[in-house]
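First comes the structure, then the notes that go with it.
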Amino acid sequence: MRYHVNMKKNHPITKHHELPLTLLGQLTPRQFMTEYWQKKPLLVRGAIPGFTGLLDADELAGLACEEDSQARLIMETKAGWQLEQGPFEEKRFSKLPERNWTLLVQGLNHHLPEGRDLLRQFDFIPHARLDDLMVSYAPDGGGVGPHFDSYDVFLLQGMGRRIWRVSEQQDLTLVKGAPLRILQNFHTDQEWTLEAGDTLYLPPHVAHWGIALEDCMTYSIGFRAPSAQELGTEFLSFLQEKCVLEGMYQDPALEPQRHAAKIGAAMLDQVISMLSGIKWTRADVAQFLGQYLSEPKPHVVFDPPRAISLAAFKKRLEKGGIALSLKSQMLFHQHHYFMNGEMVNLPHSSEPIMRRLADTKRISSGIYTDMITVQQLHEWYLAGYLEF
């Protein structure tokens, strides 16, 4: 790979949010949040100096052929927009036209350590909001059409140049029948050409249209924003396992009614009373968020390593430290830790190590005397969630 994030330089431990970042055009994270986050676009020239990408077009095509990849091929033709879902066979890429197509691969951070290192430049935004790192390759004229996203995104240019047209229009009507969410009417407000190392931040629902001016690759750092409907549906499902309602429906004073098919007022009142027992607490919501936001996507599969004993694991841990698997997501709330959709409660003695692992994705070598912590790390290692 041709690029590596300098972790020490870009991630000072103290006063992290008060230091100006080149990534944000010398704004501090706090200034960026106050002035731009979910408010208006921000263009930064030379956001990551020297950045030309994490892989080349052939390597990206190879990833798009892997069974566990999430890849899409998008083409603009005379007949309209066409969408193909991966994984693909290698011969598919030899039959593509010279222009007007795009290859998208999601979850690059699940495949390349450099992808996760790149995401760490955005650690001023909570991990709970992070979706993934997507990369797109397009020859001249390639793009996915005018569209909008329902989430925050940083568009980081790798190799080549791409022109971005941006509109803060209110008309978000989509083309009917299209396989993609293409805007029916698009009116350019601003237009920029991004070169390697430039980045463009876009808040949710800001319309945009990227068009390749030559062979180019764009890295999209997306931050998920679940809808209220999605959260409500998932939370109700979560409550099924926690909610216990006592009693059964009873009607010892039932009286004959004129219409046998009618749902009577007495039945309605009793069921309302029974359902009023469905309650939740702030702790329930925290547990739901931890499990839901750390849950791997359906296509993600973990590969457990060869099993080793707890004693052997402890020796290796103390000698070389350990890191999250590239596919793992770890969050915490108070003394509850969430690893890939699973929650564990650990004593306060585990806090320094576990929070460092969650925040920085790794812990260094050293002497680990807290065996409860070591046992939990060992269990996660055997599940494939951690790696040396």
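Of the residues making up the stretch 157-179, just one is assigned to a loop (DSSP other than H, G, I, E, B), touching a residue at least 60 places away in the same chain (Cβ under 8 Å) and open to solvent by less than 30 Å² (accessible area, probe 1.4 Å), namely GLY158.
Quick grid of which residues meet (1) β-branched (Val, Ile, Thr); (2) surrounded by fewer than 13 Cβ atoms within 10 Å (Cβ to Cβ); (3) without any contact (Cβ under 8 Å) to a residue 60 or more places away in the chain; (4) closer than 17 Å to GLY143 by Cα:
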{"site": "THR188", "(1), (2), (3), (4)": "yes, no, yes, yes"}
{"site": "LEU213", "(1), (2), (3), (4)": "no, no, no, yes"}
{"site": "ALA228", "(1), (2), (3), (4)": "no, yes, yes, no"}
{"site": "PHE235", "(1), (2), (3), (4)": "no, no, yes, no"}
{"site": "LEU239", "(1), (2), (3), (4)": "no, no, yes, no"}
{"site": "VAL244", "(1), (2), (3), (4)": "yes, yes, yes, no"}
{"site": "ALA266", "(1), (2), (3), (4)": "no, no, yes, no"}
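Let's see how each residue does on (1) over 26 Å from GLU230 (Cα atoms); (2) at pLDDT 95 or above; (3) of a type outside the set (Val, Ile, Thr):
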site: GLN157; (1), (2), (3): yes, yes, yes
site: ILE163; (1), (2), (3): yes, yes, no
site: VAL166; (1), (2), (3): yes, yes, no
site: PRO179; (1), (2), (3): no, no, yes
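Considering only residues in the stretch 344-364 that are more than 25 Å from PHE122 (Cα to Cα) and open to solvent by less than 60 Å² (accessible area, probe 1.4 Å), the one that is farthest from the chain's Cα centre (by Cα) turns out to be PRO347. Filtering the stretch 304-343 down to residues that are modelled with pLDDT of 95 or more and of a type in the set (S, T, N, Q), which residue is most open to solvent (accessible area, probe 1.4 Å)? Checked the stretch 304-343; the qualifying residue most open to solvent (accessible area, probe 1.4 Å) is SER309.
Would a scan of the stretch 125-139 turn up a residue that is farther than 24 Å from HIS205 by Cβ and at pLDDT 95 or above? Checked the stretch 125-139: at least one residue is farther than 24 Å from HIS205 by Cβ and at pLDDT 95 or above. One residue stands out in the stretch 35-82 among those that are in a strand (DSSP E or B) and open to solvent by 60 Å² or more (accessible area, probe 1.4 Å): the one that is nearest to ASP117 (Cα to Cα), namely ARG72.
Residue under question is SER220, and the condition is that it be among the polar types (S, T, N, Q), at negative phi and assigned to a helix (DSSP H, G or I); does it hold? Spell out how you get there, then give the answer.
Details: among the polar types (S, T, N, Q): yes; at negative phi: yes; assigned to a helix (DSSP H, G or I): no.
No: the conditions fail for SER220.
Which residue is nearest to GLY177 (Cα to Cα), if the candidates are limited to the stretch 83-110 and must be of a type in the set (Gly, Ala, Ser) and part of a loop (DSSP other than H, G, I, E, B)? So that I can check it myself, show each step before the final result.
Kept after step one, since they are of a type in the set (Gly, Ala, Ser), are these residues of the stretch 83-110: 86, 94, 107.
Imposing the further condition that a residue be part of a loop (DSSP other than H, G, I, E, B) reduces the set to 86, 107.
Details: GLY86: 21, GLY107: 27 Å.
Across the stretch 83-110, the extreme among qualifying residues is GLY86.
Considering each residue of the stretch 112-156, count those that are among the basic types (Lys, Arg) and in a strand (DSSP E or B), and give that number. Summing the residues that are among the basic types (Lys, Arg) and in a strand (DSSP E or B) in the stretch 112-156 gives 0.
Screening PRO296 with (1) in contact (Cβ under 8 Å) with a residue 12 or more places away in the chain; (2) open to solvent by 50 Å² or more (accessible area, probe 1.4 Å) gives one miss only, at (2).
The values are calculated or read from the model by the stated rules, or taken from the named source; none is laboratory data. This structure is a prediction, so every number in the text was calculated from the model and none was measured. Positions of Cβ are generated from backbone atoms using ideal geometry, with glycine treated the same way; all protein chains shown enter the neighbour counts. The protein model used for the area step is the full one, side chains on, heavy atoms only, and it has no ligands, DNA or RNA in it. Shrake-Rupley method; radii C 1.70, N 1.55, O 1.52, S 1.80 Å.
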